[in-house]
Amino acid sequence: MAQDSEWEPKLVGFLCRWCSYAGADLAGTSRKKYPANIGIIKVPCSGRVDPLFILKALRLGFDGVLVSGCHPGECHYQTGNYRARRKIALTKKFLEYMGIDPRRLQASWISASEGGKFTEVTTQVTKELKEAGPNELFADDK
Amino acid sequence: MTNREAEQRLRDEAKSLLESAKVDYIVGFADGSLKFHTTPLITRNKDDVDHLVINPFMASNLAKFLTELEGRVGIVAKGCDSRSIVSLVQDNKVSREKVVIVGIPCRGMINLSKIEQLAGKESDEIDDITRQGDKVVVKLDGSEKEIPVKEVLFDHCLACELPTPKEYDLLIDEPIPATPDEEASQAKINKLEELSHHERWRFWQNEFSRCIRCYACRNVCPACYCQRCFVEEAEPQWILSIPKWQDNLIFQIIRNIHLAGRCTDCGECERACPVNIPLRSLSKEMYDLVGELFGFKSGMEIDAAPLLTHYELEEAEDFFR
Ligand code: SF4
Ligand code: SF4
Ligand code: FES
């Protein structure tokens, strides 16, 4: 895939407000450097993330999606992240079967105190998306 | 039991269900107006039951009607149909007490298009098609042609795991054991899996460029019972209502995700599609993923919790950082 070295991937993060969103906030307030490639959308729980959000983001041209919630056992609503896990796992596998690079859908568990983990995850995901190249899945043929 | 005897027993049972007022409706199959086709028969009239048939052309999944009919229904069900019924019961869409499942052990349904292809003739030019054990005999222009049955059954029938309903109230004939031939059934999917991501996406792009968004696939699917489908939502409008391939693909991807743990591989979506998109190559993949990841098989165990309402403490962790 042709791409210049300037190209930077754009990524949407659906972050649970009780944990990963607060983790991202912590990364910011503790002045940790995380890639500016991520645009964050706050969701009430990882269980709120509808696979439709993921497809819509890819359809809009984002290069990847990160879904992040509370660690297993720590969901504010007890079971939201367990349910999210089933949905996301199926979505990821199915999208791969359709022909979507699995690197474009990523998921993590990041708690409110894990500012460092948030930095690591976003850095790693950004790197992988850079390798995957621009998302041209929904582009009309030129 | 010969087929004729089975048919007679079915008619007798259906009649007595109506007469004894155990059910308000009988839902089954009758001969269609086209040769080798059947049509759903839905009736409250006991004289109509003499039109009920049992033959290898009753491919429709009648479970669809259960979410549309009020009252108690006696329904003719092959193995796959019974799984759809069980799945609807699990989803609280149908109450088990309101259905009388009249089970029909099934040897697989004949895919007319496959016969037409092998015979090189349209079905209305064929004189007769009969099943004799492992062969199908096609009468054509005064001669007979024998075809191994595996070559003309629907792909999903080749993989059938439940030819005889497990959940039933009456069983019309002797149970038939399952002899799934995954390899034959999976041929198209295996080929797709050999392609690169890019090639696979191009394949689907190409297929869904033909989609006219008639929604036949959704409307025929017993598991697609939402009052309002996400495709019809206006705020936000998730996808355009005009059939652009991008949105056609999103429609179908999301449909399949919604069907995870509820699709029973009945094959109806593929059969309904007017532009012959290989929809089963999507639904069967999801069916298999559900099995691989969570050991779940739709519509098999009536007491099982629906897939997406349930979870195990430890599963599918390798997808998460
Ligand atoms: S039945 Fe075929 S053409 Fe109609 S909406 Fe479904 S995929 Fe598209
Ligand atoms: S998705 Fe297709 S194969 Fe699955 S239950 Fe619905 S109609 Fe049947
Ligand atoms: S509240 Fe954070 S994942 Fe449910």
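Only one residue in A:Gly80, A:Gly69 is surrounded by fewer than 23 Cβ atoms within 10 Å (Cβ to Cβ) and in contact (Cβ under 8 Å) with a residue 12 or more places away in the chain. Which one?
Result: A:Gly80 is the single residue among A:Gly80, A:Gly69 that is surrounded by fewer than 23 Cβ atoms within 10 Å (Cβ to Cβ) and in contact (Cβ under 8 Å) with a residue 12 or more places away in the chain.
Looking only at region B:197-225, which residues are within 10 Å of ligand 2 (Cβ to nearest atom), part of a helix (DSSP H, G or I) and touching a Leu at 6+ places or on another chain (Cβ under 6 Å)?
B:Cys217
Residue by residue through region B:295-314, note down the ones that are within 12 Å of chain A (Cβ to nearest Cβ), touching a residue at least 24 places away in the same chain (Cβ under 8 Å) and open to solvent by 10 Å² or more (accessible area, probe 1.4 Å).
Residues satisfying the conditions are B:Phe296, B:Ala305, B:Pro306, B:Leu308.
Output the number of the condition that B:Ala223 fails; it satisfies all remaining conditions of (1) of a type in the set (Gly, Ala, Ser); (2) loosely packed, with under 14 Cβ neighbours inside 10 Å; (3) in contact with a helix residue (DSSP H, G or I) (Cβ under 7 Å, 6 or more places away or on another chain).
Here B:Ala223 meets the rest and fails (2).
Identify, please: which residue in region A:38-56 is open to solvent by 30 Å² or more (accessible area, probe 1.4 Å) and away from ligand 3 (no atom under 16 Å from the Cβ) and is, among those, nearest to the other protein chains (Cβ to nearest Cβ)?
Checking each candidate, the answer is A:Lys56.
Could you say whether any residue in region B:187-209 is in contact with a Pro (Cβ under 8 Å, 6 or more places away or on another chain), loosely packed, with under 15 Cβ neighbours inside 10 Å and in the same structural domain as B:Arg280 (by TED's automatic domain parsing)? Step through it out loud before you land on a result.
Taking region B:187-209 and keeping what is in contact with a Pro (Cβ under 8 Å, 6 or more places away or on another chain), we get B:188, B:207.
Going one step further and asking which of them are loosely packed, with under 15 Cβ neighbours inside 10 Å, we end up with B:188.
Keeping just the survivors that are in the same structural domain as B:Arg280 (by TED's automatic domain parsing) gives B:188.
Yes: region B:187-209 contains one or more residues that are in contact with a Pro (Cβ under 8 Å, 6 or more places away or on another chain), loosely packed, with under 15 Cβ neighbours inside 10 Å and in the same structural domain as B:Arg280 (by TED's automatic domain parsing).
Can you find a residue that is near ligand 2 (Cβ under 10 Å from one of its atoms), under 24 Å from A:Lys93 (Cβ atoms) and within 10 Å of chain A (Cβ to nearest Cβ) anywhere in region B:278-288?
Yes, some residue in region B:278-288 is near ligand 2 (Cβ under 10 Å from one of its atoms), under 24 Å from A:Lys93 (Cβ atoms) and within 10 Å of chain A (Cβ to nearest Cβ).
Anything in region A:87-122 that is facing chain B (nearest Cβ under 7 Å), within 13 Å of ligand 3 (Cβ to nearest atom) and farther than 16 Å from B:Ile253 by Cα? List them, or say none.
A:Ala107, A:Ser108, A:Trp109
Which one of these does B:Arg228 not meet: (1) at pLDDT 95 or above; (2) of a type in the set (Lys, Arg); (3) assigned to a loop (DSSP other than H, G, I, E, B)?
Evaluating B:Arg228 over (1) at pLDDT 95 or above; (2) of a type in the set (Lys, Arg); (3) assigned to a loop (DSSP other than H, G, I, E, B) leaves (1) as the failure.
Residue under question is B:Phe296, and the condition is that it be within 12 Å of ligand 1 (Cβ to nearest atom) and at pLDDT 95 or above; does it hold?
no
Exactly one of (1) within 26 Å of B:Asp247 (Cβ to Cβ); (2) touching a Leu at 6+ places or on another chain (Cβ under 8 Å) is unmet by A:Gly61. Its number?
The number of the failed condition is (2).
Taking B:Ile115 as meeting all but one of (1) surrounded by fewer than 22 Cβ atoms within 10 Å (Cβ to Cβ); (2) among the β-branched types (Val, Ile, Thr); (3) not in a helix (DSSP H, G or I), write down the number of the exception.
(3)
Look at region B:13-49 and say how many of its residues are at pLDDT 95 or above and surrounded by fewer than 13 Cβ atoms within 10 Å (Cβ to Cβ).
Residues that pass the stated criteria total 7.
How do the pairs read when you match residues in region B:209-222 that are among the β-branched types (Val, Ile, Thr) with residues anywhere that are away from ligand 3 (no atom under 16 Å from the Cβ) and assigned to a helix (DSSP H, G or I), using Cβ under 8 Å and keeping only pairs 6 or more apart or on different chains?
Within 8 Å, the pairs are B:Val220/B:Lys64; B:Val220/B:Glu268; B:Val220/B:Cys269; B:Val220/B:Arg271; B:Val220/B:Ala272.
Does region B:165-188 contain any residue that is within 14 Å of chain A (Cβ to nearest Cβ) and more than 30 Å from B:Gly103 (Cα to Cα)?
yes
Residue under question is B:Asn45, and the condition is that it be closer than 18 Å to B:Val100 by Cβ and touching a Cys at 6+ places or on another chain (Cβ under 6 Å); does it hold?
No.
For the list (1) open to solvent by less than 30 Å² (accessible area, probe 1.4 Å); (2) more than 16 Å from A:Gly99 (Cβ to Cβ), I need the number of the one condition that B:Ile277 fails.
(2)
Do the conditions hold for A:Asn81, that is, is it more than 7 Å from chain B (Cβ to nearest Cβ), under 25 Å from B:Pro243 (Cα atoms) and not acidic (Asp, Glu)?
Answer is no for this residue.
Looking at this structure, is B:Cys263 away from chain A (no Cβ under 14 Å) and of a type outside the set (A, V, I, L, M)?
Against the criterion (away from chain A (no Cβ under 14 Å) and of a type outside the set (A, V, I, L, M)), B:Cys263 does not qualify.
Could you please let me know if B:Glu317 is within 14 Å of another protein chain (Cβ to nearest Cβ), open to solvent by 30 Å² or more (accessible area, probe 1.4 Å), more than 21 Å from B:Asn111 (Cβ to Cβ) and not hydrophobic (A, V, I, L, M, F, W, C)?
yes
Considering region B:158-183 alone, what residues qualify as being assigned to a helix (DSSP H, G or I) and open to solvent by 40 Å² or more (accessible area, probe 1.4 Å)?
Matches in region B:158-183: B:Glu182, B:Glu183.
The values are calculated or read from the model by the stated rules, or taken from the named source; none is laboratory data. Everything numeric here is computed off the predicted structure, so don't read it as measured data. Methodologically, a virtual Cβ is constructed for each residue, glycine included, from the backbone with ideal geometry; neighbour enumeration extends over all protein chains shown. SASA here: full protein model, heavy atoms, side chains in, ligands and nucleic acids out. Shrake-Rupley method; radii C 1.70, N 1.55, O 1.52, S 1.80 Å.
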